[in-house]
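The numbers here are math on the coordinates, done by the rules we state, and not lab data. Remember, predicted model here, so these are calculated numbers, not experimental data. Note that each Cβ is placed from the backbone with ideal geometry, even for glycine, and that neighbours are counted across all protein chains shown.
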Amino acid sequence: MSTTGTDPIITSYVKAPARTISADGVTYAYRELGPTGGIPVIFFVHLAATLDNWDPRIIDPIARDHHVIAFDNRGVGASTGQVPDSVEAMADDAYTFIRALSFETVDVFAFSLGGMVAQALVVKHPELVRKLILTGTGPAGGKDIDKVAGTTYLDMLRAALTRSDAKEFLFFNRNATGKPAARAFVKRLEERTVDRDAKIAVKAFRTQLKAIQKWGRSAPADLSKVSQPTLIANGDNDRMVPSVLSEDLHRRIAGSELVIYPDSGHGGIFQYHDQFAPVAVAFLDR
């Protein structure tokens, strides 16, 4: 990103330029914003998501003083290639992407499937990651992670029947607090009107679901090796990646911090963005 001369630094995700970089035969799509020079914060996105799925109310406060990069993993959105069928292979791709940008140390902000990919990355390449933010996610072998597919298909059906966005069902409680929060979140995702990303293909989405099932059914992860400062956050009623798994992660990662938001689901950090964003910024700055 050019910050030379009088070019203003872009700190709004809505205006972040779309870029690409090629490595190992794959062209990765990414967006970049915030001041360069410090340790960048790499955003790892959720199941079925592309660059258009990040809440600007989470990214913008972080980008005020941090170099932020969000990217599409292989085979997702505008990135080329085939989606890998394992979380570990997705982590290998994330590593390839980060190293292609010549970063030697990064902070990671991850949500849901992205949090699984981040865990696999940090276990394999501990030297790469300085700090870790894991939201709405769970460890390998975590209880009921393999049921994510069933929950996802059910809520996609419920959403189709009501002509609404599946995320309104998957990420938020269907109550007086959750419904308006869901609508507000979906609206925020539409704030960017130009240069939007390609939607995920059905085959790519199904492959991601298979990878999550495999992750859920694999041997429980040994996260005792994770020494990075880690912030874990979720809602108290996550139906996709059960909230107890955030507590499980907190127990497994020594010295980690845990924030659980009341009366909220998988998208707790989006429902409570005004509270969570400052917590994330303070954690990164500490």
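Points to keep in mind about this one:
- Available extension along the chain between T80 and D144 is 19.9 nm, counting 0.36 nm per residue and deducting the alpha carbon span.
- Among the lysines of the chain, pairs that are 8 or more positions apart or on different chains and have alpha carbons within less than 12 Å of each other number 5.
- Loop-resident sites, region 1-104, for GluC sites (Glu not before Pro), counting at most 14 other Cβ within 10 Å (DSSP): E104
- Inter-part distance where region 230-286 and region 203-221 are each reduced to a Cα centre, Å: 22
- Put a dot 7 Å past the Cα of E191, heading toward its Cβ, do the same for A23, and the two dots end up 2.9 nm apart.
- When the chain is treated as a Gaussian network with alpha carbon springs shorter than 10 Å, the biggest mean-square fluctuation among M156, M240, M90 belongs to M156.
- In a DSSP loop and with at most 14 other Cβ atoms within 10 Å, the GluC sites (Glu not before Pro) in region 174-283 are E190, E191.
- Shape of the chain, Cα gyration tensor, a/c cut at 1.5: rounded
- Vicinal HN-Hα couplings computed from phi for region 112-118 (Karplus, 6.51 cos²θ - 1.76 cosθ + 1.60; Hz; Gly/Pro x): 6, 3, x, x, 5, 4, 5
- Per-residue extension of 0.36 nm, minus the Cα-Cα distance of R251 and R217, leaves a gain of 10.3 nm for this segment.
- For region 142-230, the list of trypsin sites (Lys or Arg not before Pro) that fall in a loop by DSSP and count at most 16 other C-beta atoms within 10 angstrom reads K143, R163, R174, R196, K199, K225.
- Euclidean distance of C-alpha centroids, region 115-176 and region 46-77, integer Å: 15
- Rounded to the nearest 0.05, the FRET efficiency derived from the C-beta distance between A198 and L157 at R0 = 25 Å is 0.55.
- Note on R286 and F103: the extension gain reaches 63.8 nm, defined as 0.36 nm multiplied by sequence separation minus the Cα-Cα distance.
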